[in-house]
Amino acid sequence: MADFKTTVLSTLQNGKNVIEQIDALKKTGTDYSINADRTDRTINKYHNDNLKLRVNEIIEVNKDVKTFRLVSDDCMLPVFKSGQYLNIFTVIEGVRTSRPYSISSSSKQRAYYELTIARVPNGFVSNFMLNEVKLNDVFEASNPAGEFVFNPIFHSDKSVFIAGGSGITPFISMLSEALDKGQKRSIKLIYGCKDYASVLFLDLLQEYASKHSNFSFDLVLTNKDEKVVTEVGFINKDIISKLVQDIDDSTFYICGPQIMNDFVVKQLEELKVKSRWIRREMFGSSPNIVTENGWPAELNGSEVFTLTINKDIKVKCNANESLLVALERNKVRVNVCCRSGECSLCKVQLVAGNVFLSKGSLLRHSDEKFGFIHSCKAFPISDLEIII
Ligand code: FES
């Protein structure tokens, strides 16, 4: 005679399927319905949605740059590919926000992640990180994410890294992956900084260059400095042509402030480098959105609009802040990771009104068709209604 559980399930729509699935799971040794808690705990141990990371060490690089060594007390740290980033969540002045930071430590070890963070003038989060964060503070963080990685199938074995300022951080991890593991691909680093004092990881770069014949680097300083023989100015096409032997045959990876990033891409385009050979890492949008091409001439960025959320919440948003920042400022929670139009987690549906989409917002055709936008890349240019 059928037991009670079987009888109940049989009366449900698709109950037969459920029974068959449970039977199949039992045969393979895992009855998920009985062990759900235990199974979830095991999965979470290795694949948490979000991580809890504790500050285990703080290394002061200079007064405006610190390296934070982060560990987990409750799970194995997920593996990552060199070049990926973590999105760090924090609450500052009652506002929950986040910032993506490239991992600078080696992907060879999983005891900790290191993030090297530089102060951004008036930076809401960077100033908090550098001024307020102390040992044993705990942060929520995303899993490692991002596509700014070397892919041996698609990328040339001649890599050119172009870094600006603290944009060196993903390259430090990528160098350790390539050189410490004995990869034979050739790597040229062109590193742009204001002056010699602001060059990060110089000792490590010199050590790598002295030990590995397949790696070399050049500093390009905007301030003339007599101490070193180097290039002076911006990383333009003349400097790139002078320093890179095989332009046609190299994959270029660029990481640095948006202005430098855009400038270098333009220089590479003028050197006829195909876009598929240019990889760029960019976090956030232009610091001054009104200067971006296509911004409506009649607006100067000081306008304030009304944002209606899910038909009933009304808040104010500024033309010069992304929708994501406006939502965070008004304590409305949305999913977020890259803050640069890549991961799609921050998508919202625009029901009425107009936004300016900053460049780099990678929307699919279906998103465009149904009015979905990346809130991290959308700037209000009229009153808006959105659905989250
Ligand atoms: S946070 Fe990734 S696309 Fe906006």
First in region 77-104 and on the phi > 0 side of the Ramachandran plot, second anywhere and of a type in the set (Lys, Arg) and more than 14 Å from the ligand (Cβ to nearest atom), Cβ under 9 Å, 6 or more apart: 83/279; 94/331
Residue identified as under 16 Å from the mean Cα position of the chain (by Cα) and assigned to a loop (DSSP other than H, G, I, E, B) among 150, 154, 89, 171: 150
Looking only at region 333-350, and only at residues there that are surrounded by fewer than 18 Cβ atoms within 10 Å (Cβ to Cβ) and among the hydrophobic types (A, V, I, L, M, F, W, C), the one that is farthest from the ligand (Cβ to nearest atom): 334
Residue in region 351-371 that is nearest to the ligand (Cβ to nearest atom), counting only those that are over 26 Å from residue 291 (Cβ atoms) and touching a residue at least 24 places away in the same chain (Cβ under 8 Å): 351
Residues of region 318-328 satisfying the condition of being closer than 27 Å to residue 88 by Cβ and away from the ligand (no atom under 16 Å from the Cβ): 318, 320
Wholly within region 175-285, helices (runs of 4 or more DSSP H) carrying at least 1 residues that are touching a Phe, Trp or Tyr at 6+ places or on another chain (Cβ under 8 Å): 202-211, 258-270
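FYI, it's all coordinate maths here, none of it is from the lab. Because the structure is a prediction, the values reported are computed rather than measured. A quick note on method: Cβ atoms are made from the backbone with ideal geometry, for glycine too, and the neighbour counts reach across all protein chains shown.
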